[in-house]
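Each remark here refers to the structure printed beneath this line.
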Amino acid sequence: MAVPTTAPPAARAAAGAQRRQRPLGHERRRAAYLMLAPAVVHLAWWIGIPTVATFVLAFTRYDILAGTMAWAGLDNFVAIFRDPVWWKAIGNTVVYTFFTVPVAMAIAVVIAVLLNTKLRARAWYRTAVFMPHITATVAIALVWMWMFEPNIGLFNWVLSWFGVRGPAWTSDPAWAMSSVILMSIWKGIGLKMVIYLAALQGIPHDLYEAAEIDGAGPVRRFFAITLPLLGPATFFVLVVSLIDSFQVFEQFYVLTPEGGPANSTTVMTYEIYKSAFQRFDMSTASAQSVVLFAFLLVLTIVGRRFTGRDDVA
């Protein structure tokens, strides 16, 4: 829009500034698109396309060796739900999740509260608790494999001090799942603790001072102030922990290979691995992956309702 030469100087200056801002805004948008392009390409190539391919293969009979594909409808889903080992894997995954997630979350909250106080060398304690999270799972599993060893392992050695004969741990169907759960709880505390610690530092200290003046003790302040205000962090930790627990693989693969004794530790991800990379049955593996995706979707929705955080993005 042209500005008359008789217009006031202020109007002419505003029009000139507007003309200068237009190309600047366009340049910024173009720069933003260029910076986002690598991430978008990575997301589409490594996540988008494989996800679409998984849903397509789940409804087909795909022979990876012959390179042939035929429509199968729901036959792959019928086949996996007729497989007792798949039902066993679902049950084991649920049991693993049920014991690992809430126990690790409860321990992480307690540790975060303790490490949020004025404690000497608390930075070292925080580092020590967080260290297992950044250590390779396979390396940790190998250490725990030695600790679970029936003859020279650390756990049975300690139990022998009290005259107790320790179990075979990972080789015993009654103890194999408990062994993996114990290791997973220990490894998973660190990240949860850091998230809770960050949330605790965002709680106004005035609330605790007011509650203390009203006569509330430490336990009362924890349940009346700390725990409710940790709601958003709890929802995030819960969802992430559920997803991680349903996608667990490395510790089961190392500690209890081939699904453990009598399939006592086979889980959904391990069955997907066997279908895809041992039997090369990509259609069955894709159908199992779709079922796993459905589980995670339902658990996420239930988690939102359970924590009451419908407003959390």
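The values are calculated or read from the model by the stated rules, or taken from the named source; none is laboratory data. Remember, predicted model here, so these are calculated numbers, not experimental data. Neighbour counts are summed over all protein chains in view; Cβ atoms, including those assigned to glycine, are modelled from backbone coordinates with ideal geometry. Remember, those area values only see protein heavy atoms, side chains included, never the ligands or the DNA or RNA. Shrake-Rupley method; radii C 1.70, N 1.55, O 1.52, S 1.80 Å.
Can you name every residue in region 253-280 that is part of a loop (DSSP other than H, G, I, E, B) and either aromatic (Phe, Trp, Tyr) or open to solvent by less than 50 Å² (accessible area, probe 1.4 Å) (or both)? Listed by number, the residues that qualify are Thr256, Gly260, Ser264, Thr265, Thr266, Val267, Phe280. In region 141-154, the residue that is most open to solvent (accessible area, probe 1.4 Å) out of those that are touching a residue at least 60 places away in the same chain (Cβ under 8 Å) and not in a loop (DSSP other than H, G, I, E, B) is Leu142. When region 155-168 is filtered for residues that are out of contact with any Gly (no Cβ under 7 Å at 6 or more places or on another chain) and surrounded by 13 or more Cβ atoms within 10 Å (Cβ to Cβ), the ones remaining, listed by number, are Trp157, Gly166, Pro167, Ala168. Going through region 90-132 one residue at a time, which ones are outside any helix (DSSP H, G or I) and either open to solvent by 70 Å² or more (accessible area, probe 1.4 Å) or in contact with a strand residue (DSSP E or B) (Cβ under 8 Å, 6 or more places away or on another chain) (or both)? Selection gives Lys118, Leu119, Arg120.
Would you pick out the residues in region 281-301 that are of a type in the set (Val, Ile, Thr) and either in contact with a Phe, Trp or Tyr (Cβ under 7 Å, 6 or more places away or on another chain) or crowded, with 22+ Cβ neighbours inside 10 Å (or both)?
Thr284, Val290
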